[in-house]
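Here's the structure, in structure tokens; my notes come after.
The values are calculated or read from the model by the stated rules, or taken from the named source; none is laboratory data. Since the model is a prediction, treat every value here as computed from it, not as a measurement. Positions of Cβ are generated from backbone atoms using ideal geometry, with glycine treated the same way; all protein chains shown enter the neighbour counts. For accessibility, only protein heavy atoms count, side chains too; no ligands or nucleic acids. Shrake-Rupley method; radii C 1.70, N 1.55, O 1.52, S 1.80 Å.
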Amino acid sequence: MTESTYRIQGATGEWEVVIGLEVHAQVTSHAKLFSGASTTFGAEPNAQVSLVDAAMPGMLPVPNGECVRQAVRTGMALNAQINRYSRFDRKNYFYADLPQGYQISQLYHPIVGEGGIEISLDEKNPDAQTKTIGIERLHLEQDAGKLMHDQHPTMSYVDLNRCGVALMEIVSRPDMRSPAEAGAYLKKLRTILRYVGSCDGNMEEGSMRADVNVSVRKPGDEFGTRTETKNVNSVRYVMATIEHEANRQVDVLESGGTIVQETRLYDPDKNETRSMRSKEDAHDYRYFPDPDLLPLELDDAFLDACKESLPELPDAKRKRYESELGLSAYNAAVLTAEAETARWFEALLAESAKAQGKPEADVAKASANWLLSELYGALNRMGKTIDESPVSPAAGAELVALVADGTISGTIAKQVFEIMLETGDGAGKIVEERGLKQTSDTGAIDAAIAKVLADNADKVEQYRSGKEALFGFFVGQTMKAMQGKANPQMVNEQLKKVLN
Amino acid sequence: MTELTDLGIADIRNGVRAGTFSAREVATAFNARVAEAKALNAFMIDTPDHALAAADAIDAKRAAGEDLPIMAGVPIGMKDLFCTVGVEARAASEILNGFKPTYESTVSQKLWDAGAGMLGKLNMDQFAMGSSNETSAFGNVISPWRRNDGSNAPLAPGGSSGGSSAAISARLCPGATGTDTGGSIRQPAAFTGISGIKPTYGRCSRWGVIAFASSLDQAGPMARDVRDCAIMLEAMSGFDPKDSTSLDLAVPNWEAGLSSDLKGKRVGIPKEYRMDGMNADVAAVWDKAADWLRDAGAEIVEVSLPHTRYALPAYYIIAPAEASSNLARYDGVRYGQRTLPDGAGLQDMYAATRAAGFGAEVRRRIMIGTYVLSAGFYDAYYTQAQKVRALIARDFAQVWDHCDVLLAPTAPSAAFGLGENSEDPIAMYLNDVFAVPASLAGLPAMSVPGGLDSQGLPLGLQIIGKPLDEQGVLNAGLAIEERAGFTARPAQWW
Amino acid sequence: MKKIASLARIAMTDAEIEAMVPEFNGILGWVEQLGEVDVTGIEPMTAVIPNTLRLREDVVTDGNIRDKVLANAPAAEHGFFGVPKVIE
């Protein structure tokens, strides 16, 4: 556990920032929470709307079991209390994106209770600075529809496609003390959701967004009054919101004002938050249990099946990469930060072990290094994600194996990889066809060395009189003469023999 | 020869099956009778073509030698709360003006599948909120009954299913759908000398039925006698995966199970229902009914339901609370009436639409419901009411140790005159004092005619049963029906 | 009362509100007799008849019925519902 030292320097001294996040994560499911309409993104307006979603008279909700299952699995991944008994409540308010006039949510008895997430504050050394952020609850609720204001001079248009899509609202404790902690929490939460497969974590498409609660206080004081900035949709914006809002609050307080508990909006263009006065009219949601639904009771079989279906989670995986595969803490952290990367790496590892006939632990480091430097570099250049990699794990493993058994050098491997990306051919085929095999023929190497030394007699002289740094020059020249195909270890050995 | 329109459900079905008359003849006769009864204002919309098409389908089936279903050739009335494809469904409210559902309620579909056809949509209290049919936006239904004092004062047909009760007692239809939230099937049945049963909560799907109070609403049949109710209830009931509160149980063959032999059965008389200042005619018919049931072989026992007096106030918290939320969807955006004052914004449009669209009683209940759910009052009102409701349900659960069914009056009096109670909401609410407890506990309950009061108006007797024991309720009802010999019918004045 | 009317989105004039107050208080006074019931240890009722919540399969069975969805709309254009312009 590490105490945050993030402080805002005000005119009256230091201020501490207190942050809590309410994250809305869209549940990965085919159909909506209470209707059989599709959840696919980007359909024609009102095409994915059932009579239930449009709140036609006499329509009734029936819950989607998959959404319940995903909420429970997520709760388990957050080490949270799973409530065998939960209930759906109605949150009543009027808005054009809410046809029923109420949102079905869970206030009094949420499906998931208290849990926590461990965050790392130092990416390079994930085990060094950790902190647990408490989760207060996770509950299921319906998303609302969408209003478009700019299509008609006097009307707003209503599209109900998103209306009724299942959301998990994940509420943290006010445990974060800096923008960095909030960023780390959000990233970690997204990683966990993606591992579990309960949310795609795609903040750009709105499948994950955060309400940011911020207050400030003098260190050691009671919590101050908080504001809530709604619907912030990227990690960067969440951090910017906190920074801006905390500074604004300090300014208000130091100039003798008070903080009003209110809803605010973050404007990324101006990088500021502003009050949403339009939504301020006396909120009274009149929550009560939805009489169209019965209490949700989960049995052992359901919970056991949820538990069994959970994958290895990022923290466990990272620790295993370190302890069993011998990877560095940093590499382990990077490889496990995204479920897709870990999945790709594990496929590569399995293929490498097979190709080289060795245990995974023995091929792990080389595989990890190749993935993180060569493959990542190439993907970055191409602007592709690892799932879009033009090279398969098996093809990568073939290349790594060729280096491992000395068939090609690391330098040649880079060339081969480029050709693989261009042509789609396998590493073995490229090496064979283009004669890139590393030569361990001492005769050829010796001949090349002899020529290099003869051509650079002056440097040989300097070397022998003590300028040992020139050794690398001879290696380089020899490799160049051999067009990179010489086994570098042999070049080293032979050079040493001849020069000394 | 008997008029076709004097026949009940069983007789029509049997006659159609036997070929004594065709379904088309029946539909034609009832269509004509509906058309000439406009003075009652029972039907809001006539759908003669629906009735004829259903009848023709049945006649074709019979001609093809197919088995005919249990309501073959029976034309019925449909309470306006049920959505039927292409026919306006307004819940007797302006706010749903013009709303034509593109879907068919589960219950109405089941009725069509059972061979019934629709004569039209029946008037009712607006959104089923009322006990006299005076809250309809489309005018009062006039009961076909009149007092024997020659006054011709128009009487209430009961509510909220007042169009249904008036239509059946006036022989405009042999049966009709009703819905019962706090007595809306039983009280109008009692007022008009017909029978009606509210089954166990969850027997009839609520899908496609315009909601009033979800935890109380339950559809049921209204008809001239117990057998007809049994047949129609069987047609309406059944599990519906589209309703989360629907009971996943097979539908019993209630008609086949009818028996008025009550040997070995115990009938409970709840002492708390015998209230101070009780109407003497009501008390007398209740006593007589106990004798009839004893005569049918039952043992009569006095039982206690100690929380009875709290049922009505609990109901008037829970039902408005649910209604305030259920009726939030009527906002002028997706269907129905929209009122858009010049320059109005969205929230102004909501307020204007709802003020213009909802009638006074609906507005009153929405306001009460909004209040009891609002911050600071929720626990004192709503939570307390749901706890009292649990106690009321527990009273019933405990009473089943001592008896199989309960016998009580359906309503505290016979039909009252239109306008007599409309000034004082609480006086109106008290009409449902005997009906509401069974609603709160979700129990099956029916009303059967027991006789006439001193003014010559029908009095109803209520039988309340254990959860899922509709058969026990119907059988006790049949035993009363056989002994009451109720043959009175209103003289035709319309 | 004004607040309740506003929460319920029912436009009421001051006169209407004033007229409703005594009636409203009468009803509330009448239901308040519930307060005298001893409910110690009693859970509020949640299911009228014992029944468990069924869960649906995660299958798309509905939607693509835009015409039906919009059929009754007082204002619909280009596949959307239309409402007075909202300024957020």
Neighbours by Cβ (under 6 Å, 6+ apart or cross-chain): first from segment B:255-273, assigned to a helix (DSSP H, G or I); second open to solvent by 30 Å² or more (accessible area, probe 1.4 Å): B:LYS271/B:GLU302; B:LYS271/B:SER304
Elements of type strands (runs of 3 or more DSSP E) in segment A:61-125, at least 2 residues being under 26 Å from A:LEU310 (Cα atoms): A:115-120
May I ask you to list pairs of residues, at least six apart or on different chains, whose Cβ atoms are under 7 Å apart, with the first in segment A:69-97 being within 17 Å of A:LEU33 (Cα to Cα) and among the charged types (D, E, K, R) and the second being modelled with pLDDT of 95 or more and assigned to a helix (DSSP H, G or I)? A:ARG69/A:CYS306; A:ARG73/A:VAL196; A:ARG73/A:CYS306; A:ARG90/B:SER325
A:GLY134 vs (1) closer than 30 Å to C:THR61 by Cβ; (2) modelled with pLDDT of 95 or more; (3) not charged (D, E, K, R): all pass except (1)
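With respect to B:GLY117, determine if the residue is open to solvent by less than 10 Å² (accessible area, probe 1.4 Å), more than 19 Å from B:TRP207 (Cα to Cα) and over 17 Å from the mean Cα position of the chain (by Cα).
Yes, satisfied.
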Please verify whether segment A:146-166 includes one or more residues that are surrounded by fewer than 18 Cβ atoms within 10 Å (Cβ to Cβ), under 26 Å from the mean Cα position of the chain (by Cα), without any contact (Cβ under 8 Å) to a residue 60 or more places away in the chain and assigned to a strand (DSSP E or B). no
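List the strands (runs of 3 or more DSSP E) inside segment B:161-244, counting only whole elements, that have at least 2 residues being within 14 Å of chain A (Cβ to nearest Cβ). Give the steps one after another, and end with the answer.
Numbers: elements: B:175-180, B:195-198, B:218-223.
Ranges flagged: B:175-180, B:218-223.
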Out of all the residues in segment A:227-244, is one or more assigned to a loop (DSSP other than H, G, I, E, B), touching a Lys or Arg at 6+ places or on another chain (Cβ under 9 Å) and either modelled with pLDDT of 95 or more or at positive phi (or both)? no
Can we say A:GLN48 is part of a loop (DSSP other than H, G, I, E, B), buried (at least 24 other Cβ atoms within 10 Å of the Cβ), on the phi < 0 side of the Ramachandran plot and in contact (Cβ under 8 Å) with a residue 24 or more places away in the chain? yes
Looking only at segment A:208-226, count how many residues are crowded, with 18+ Cβ neighbours inside 10 Å and not in a strand (DSSP E or B). 2
When residues of segment B:325-345 are filtered for being closer than 21 Å to A:ARG286 by Cα and among the hydrophobic types (A, V, I, L, M, F, W, C), how many remain? 2
Being open to solvent by 20 Å² or more (accessible area, probe 1.4 Å) and at pLDDT 95 or above narrows B:ASP276, B:ASP287 down to just B:ASP287
In the list A:LYS32, A:LYS124, A:LYS131, A:LYS91, which residue meets the criterion of being surrounded by fewer than 23 Cβ atoms within 10 Å (Cβ to Cβ), of a type in the set (D, E, K, R) and under 30 Å from C:ARG9 (Cβ atoms)? A:LYS91
Tell me which of these B:SER259 doesn't satisfy, since it passes every other one: (1) over 27 Å from C:ASN51 (Cβ atoms); (2) crowded, with 16+ Cβ neighbours inside 10 Å. (2)
Do you know which of the residues in segment C:47-84 that are β-branched (Val, Ile, Thr) and open to solvent by 60 Å² or more (accessible area, probe 1.4 Å) is nearest to A:PHE88 (Cα to Cα)? C:THR52
Which helices (runs of 4 or more DSSP H) sit wholly inside segment B:21-135 and have at least 2 residues that are away from chain C (no Cβ under 14 Å) and polar (S, T, N, Q)? B:23-35, B:106-113
With (1) at positive phi; (2) small (Gly, Ala, Ser); (3) buried (at least 24 other Cβ atoms within 10 Å of the Cβ) as the list, and B:GLY86 as the residue in question, which single condition is left unmet? (3)
Which helices (runs of 4 or more DSSP H) sit wholly inside segment C:2-88 and have at least 2 residues that are within 14 Å of chain A (Cβ to nearest Cβ)? C:2-7, C:66-70
Looking at segment A:67-79, is at least one residue open to solvent by less than 40 Å² (accessible area, probe 1.4 Å), more than 21 Å from the chain's Cα centre (by Cα) and facing another protein chain (nearest Cβ under 8 Å)? yes
Residue count, segment B:379-418, condition in a helix (DSSP H, G or I) and more than 30 Å from A:ARG90 (Cβ to Cβ), comes to 2
